[in-house]
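The values are calculated or read from the model by the stated rules, or taken from the named source; none is laboratory data. What you are looking at is a predicted structure, and each value in this text was computed from that prediction instead of being measured. All Cβ positions, glycine included, derive from the backbone under ideal geometry; neighbour counts span all protein chains shown. Just so you know, the surface numbers come from the protein's heavy atoms only, side chains and all, with ligands and any DNA or RNA stripped out. Shrake-Rupley method; radii C 1.70, N 1.55, O 1.52, S 1.80 Å.
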Amino acid sequence: MWQQAYNEDPQLRHRTRAFKQYRTIDWPREKIIENSQYLNALKSDNRPSTSDTLSSAMSFLNEISTMKLIKSRIWTGVQVWFIITIVGIVIGSIAAWLSLLTEYLNELKLNWSSFAIVNFIIYMAFSVLFGVFASYSCLKFAPNACGSGISEVKTIVSGFSRPSFLNFPTLILKASMLPFTIASGLSVGKEGPSVHYASCVGNVLSRSIIPWFNDSSIQLSDIVTASAGSGVAVAFGSPIGGVLFALEEISSGLKLATVWKTFYMSLIAIGTLQLWDPFGTGQIVMFSVRYEIDWKWGEVFWFILLGVFGGVYGRIISYWNIKYVKFRQSSIKNGVLEIALLTLVTSVLSYWNIFMRFEMTNVMEMLFDPCIDTEKKQYCLTNDASLFKWVYLITLLLYALIVRMVLVIVSYGAKVPCGIFVPSMTIGATFGKILGLLVGEVVDHQVNSGIYAFLGAGAALSGITGLTVSVVVIMYELTGAIKYIVPSMIVIVTVRVVSVLCGNSEGIADQMIKFNGIPYIDLKEEHNMDGVIGDVMVRQVYCIDVDIEELDYERILEFGKKEYPVIKNGALVGVVDRESIKELRCDYVSVEIDADTSTVFDIFTQLGPRNVYVTKNGQLVGLLSRKDMIRYEIYSKFEPQDNDNLEWLASLYTSIREHLNPF
């Protein structure tokens, strides 16, 4: 049996190590419970228990007037849209506050003295202090606040609940420590954490303000999805991009109603952010550029080259980052010490380079600059610039490109709130700037290097995330460069083609889901499964036999299952929930033992039950849970891997830790 082989292989078990942290949501059952509660609420002012069955709920229909039904539906809708409005306002307000605090902390590190060495020491000290403070606070009070959070939010929306990941302490620590992480100078971004803290806002407020949301996984899923899209909207100043991000990345099967909720919440969040006006410019982004020069068809080759870079970049960064994360999990036990070392090294490598010293959003503003007024900007070249200045600028950019790529590999996934969107965009913009300067010098002097930086940023963002349409829209809303929609599309299509050719069709979030052993079914992937369900099912099933006169219910509950099948003479007659162990229900999904595995997989993806029961001539012979289905797919596609851990790096880190222990 495959289950035995699975349990005996440590590499296979490692790929499902986080499964126990998530509770599988039974979508058909949740819909029935929600409708049952709704109909009970129409009959009585008292809140019904979740154990009411569908049949008892349906019996109320004859007692309910049409007008009462309409009023109740309207009241329910008012509550939902009220929550969406409040959540949008809070997300926009948090984003404004974070922008102000981040800007203040970044300015605090700079220009303390007229002596460069003094400024460098203070810059380095503040960077380490900010990073260590953020890491220690998160690890001490809310470990779930570390990392990006997009992978986990995707999993939660898909039907695997994990309340502790979206709770109030995580919200507070994720939001409050994010500015310190950005100000530490680490090569990480705020966009992934923005998705996480926005999702926390949606989860916490909806559960707190409207109590019945606690019993409605369906409504919570919609709110979390809309919140995630709003988090991207306020992070980039891109409301439509946030909606498309929710469609393309968070959930691949959004209902139209959820799209409208995401659109409205993004609008409210962006409107709130603009009212706060954190940058004092009346804009919702820190910078805005306009390109007056139109593009030429002769530049398409260079656009394609930018796309090739984006695809290769995504492959290289994700491959080596996962290797480093594996090293981090196996060898680094002190996350705060790692952050201290990372911020120290980053500050030393970054301070003396203008394209690395400042916060990455400011760096992108410099790289995107069309350089019309070149006399006042040291990062722009005049028409009569000397060869030395041209080579010097290219050298600075090459240094920033290579060093930042290495820093992103070792920084993303560290024990602080961290994302990878903006670092990738900055790297892509740096490469684009270099290419633009070279093309402008050698091929066509009318080429504007800022445009190539803009396109390169989109290419790298698409390469690392696997996103396409949303990247085009985000880049347009971020800069307002409407003339370059077509070049952006050319670049993104090229990125996608190169990514597929490189075997990297998934974004970094999907890859981290698999690496961290999180239960998730990606509907965008092809799932080809052979055989019949009888070869895959779990044969050892904990059942309740109705023929037994006295059942030991306490003993039954000790098995820890969410639901138990009920049999009579071996035939499946119903299911009972752990919460209502004595109440039989008949809303379960069953298939015959010779059903195709692919058919059962479609049942899980389309209907979303927690378990599918397997029968043979009416007799219960096994079951398959959604997690078991994922385990089997992992098992069927598994290829053993050699231990490719970074042993030399582990030895180096151990040596550093031993030398620092006395202090």
Item to check | About the Cα centre, charge dipole magnitude for the stretch 156-297 (Lys/Arg +1, Asp/Glu -1 at Cβ), debye | outcome: 200 debye
Item to check | Residue-level accessible surface for TRP112, protein heavy atoms, 1.4 Å, Å² | outcome: 130 Å²
Checklist entry - What aspartates and glutamates sit close enough to LYS524 to cross-link, taking a C-alpha to C-alpha distance under 12 Å and skipping anything fewer than 8 places away on the same chain? => result GLU248, GLU249, GLU506, ASP510
Item to check | Cα centroid separation - the stretch 195-273 against the stretch 497-556, whole Å | outcome: 27 Å
Item to check | Where LYS582, LYS514, LYS561 fall by accessible area, highest first, once all protein chains stay in place (1.4 Å) | outcome: LYS582, LYS514, LYS561
Checklist entry - Based on the Cβ-Cβ distance from ASP522 to VAL493, what FRET efficiency comes out when R0 is 30 Å, to the nearest 0.05? => result 0.90
Checklist outcome for this item: The percentage of the accessible area of the stretch 339-492 (probe 1.4 Å, all protein chains present) made up of carbon and sulfur atoms, to the nearest whole number, is 66 percent
Item to check | Sites matching trypsin sites (Lys or Arg not before Pro) across the stretch 162-212 that sit in DSSP coil, with at most 10 neighbouring C-beta atoms within 10 Å | outcome: none
Next on the checklist: I'd like the Karplus ³J(HN,Hα) series for the stretch 151-158: coefficients 6.51, -1.76, 1.60, θ = phi - 60°, whole numbers in Hz, and an x wherever there's a Gly or Pro.
Outcome noted: 4, 5, 5, 4, 5, 4, 5, 6
Checklist entry - Based on the Cβ-Cβ distance from LEU275 to ARG578, what FRET efficiency comes out when R0 is 56 Å, to the nearest 0.05? => result 0.75
Checklist entry - Any idea what the relative contact order of the stretch 179-249 is, in percent, if you count C-alpha pairs under 8 Å spaced at least 6 apart? => result 31 percent
Item to check | Euclidean distance between Cα centres, the stretch 164-189 to the stretch 423-481, Å | outcome: 28 Å
Item to check | Surface per residue (accessible, 1.4 Å probe) for the chain, Å² | outcome: 44 Å²
Checklist entry - Calculated FRET efficiency, LYS483 and LYS514, Cβ-Cβ r, R0 35 Å, to nearest 0.05? => result 0.35
Checklist outcome for this item: Taking Cα pairs closer than 8 Å and at least 6 residues apart, the relative contact order of the stretch 80-167 in percent is 12 percent
Checklist outcome for this item: For the chain, averaging the sequence separation of alpha carbon pairs under 8 Å that lie six or more residues apart and dividing by its residue count, the contact order in percent is 17 percent
Checklist entry - With every protein chain in place, what's the accessible area of TRP2 (1.4 Å probe, Å², nearest 10)? => result 20 Å²
Checklist entry - When the convex hull of the C-alpha atoms of the chain is computed, what volume per residue in Å³ does it have? => result 185 Å³
Checklist outcome for this item: Placing each pseudo-label 7 Å from Cα in the direction of the beta carbon, TYR553 and ALA571 end up separated by a distance in nanometres of 2.6 nm
Checklist outcome for this item: The farthest towards the positive end of the charge dipole of the chain, of the residues VAL566, ALA95, TRP302, given +1 on Cβ of Lys and Arg and -1 on Cβ of Asp and Glu, is ALA95
Next on the checklist: Nothing charged except the Cβ atoms of Lys and Arg (+1) and of Asp and Glu (-1): what's the magnitude of the dipole of the chain about its Cα centre? Round to the nearest 20 debye.
Outcome noted: 1040 debye
Next on the checklist: If you take every residue apart from VAL87 with its C-beta less than 14 Å away from the C-beta of VAL87, what net charge results, scoring Lys and Arg +1 and Asp and Glu -1?
Outcome noted: +1
Checklist entry - Under the rule that a partner needs its Cβ under 4.7 Å from the first Cβ, which Cys of the chain have none? => result CYS138, CYS146, CYS200, CYS418, CYS502, CYS543, CYS586
Checklist outcome for this item: So, with points 7 Å from each Cα along the Cβ direction, the ASP535-LEU108 label distance in nm works out to 6.2 nm
Item to check | Residue-level accessible surface for VAL600, protein heavy atoms, 1.4 Å, Å² | outcome: 0 Å²
Checklist entry - Sorted by accessible area (1.4 Å probe), largest first, how do GLU365, GLU152 line up? => result GLU365, GLU152
Checklist outcome for this item: the chain: antiparallel bridges as % of DSSP beta bridges, rounded to 5, reads 75 percent
Checklist outcome for this item: Residue-normalised 222 nm signal for the chain, counting each DSSP H run of n ≥ 4 as -39,500 (n - 2.57), nearest 500 deg cm²/dmol, is -19500 deg cm²/dmol
Checklist entry - Going by accessible area, probe 1.4 Å, with all protein chains left in place, what is the ranking of TRP81, TRP302, largest first? => result TRP81, TRP302
Item to check | Under Karplus coefficients 6.51, -1.76 and 1.60, residue-wise ³J(HN,Hα) of the stretch 355-360 in Hz, glycine/proline x | outcome: 8, 10, 5, 8, 4, 5
Checklist entry - Which pairs break 22 Å Cα to Cα here: LYS174/LYS323; LYS140/LYS415; LYS568/LYS616; LYS31/LYS174; LYS333/LYS627? => result LYS174/LYS323; LYS31/LYS174; LYS333/LYS627
